[in-house]
Amino acid sequence: MFAVTASASAGGGPTGASTAELVNQAAAQISTLVRDELALAKLELTEKGKRAGVGGGLFGGAAVLGLYGLGLLLTLAVVLLDLAWPLWLAVLVVMVVVFAAAGIAALLGRTKLKEAAPPVPRDAIAGVEADVNTIKTAAREGRRS
């Protein structure tokens, strides 16, 4: 963020600089500002990406353990159903239930993914918007004087 001052003196800007020099200074400041805002956005997305990576790794480990537990639970279901039905029927019933649950989960997951918004560097965007408003305000005030 930077401040812009204007002077009504006939000798140019507040320090006696010519209009061309003031334009060059403003261009340099805007260029620096844009670079800084891009660096902020990159830093913000990098930090969020690292956190997401750690969380994803932990979820991956939980998924592996959950799959082992689910396999044991399904085996138990087959063994219990085998007490009343033939083995092939017990396996078939458990398999149909598992595939039905997988289909429902896939449909729900697809719906949620379509609703998800892409990651946005909110802080950097807010900073750029504030900078643009500052520049617009300074330009309007500069025209009035």
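Each value in this text was obtained by applying a stated rule to the coordinates, not by laboratory testing. Quick caveat, the model's predicted, so the values are computed rather than measured. Methodologically, a virtual Cβ is constructed for each residue, glycine included, from the backbone with ideal geometry; neighbour enumeration extends over all protein chains shown.
Descriptive notes on the structure:
- Among the residues of the range 103-121, those identified as under 22 Å from the mean Cα position of the chain (by Cα) and free of Cβ contacts under 8 Å to residues at least 24 places away in the same chain are 108, 109, 110, 111, 112, 113, 114, 115, 116, 117, 118, 120.
- Whichever residue in the range 16-38 is over 28 Å from the mean Cα position of the chain (by Cα) and among the β-branched types (Val, Ile, Thr) and, among such residues, is surrounded by the fewest Cβ atoms within 10 Å (Cβ to Cβ): 19
- The set of residues from the range 39-60 being over 15 Å from the mean Cα position of the chain (by Cα) and under 12 Å from residue 123 (Cα atoms) comprises just one member, 39.
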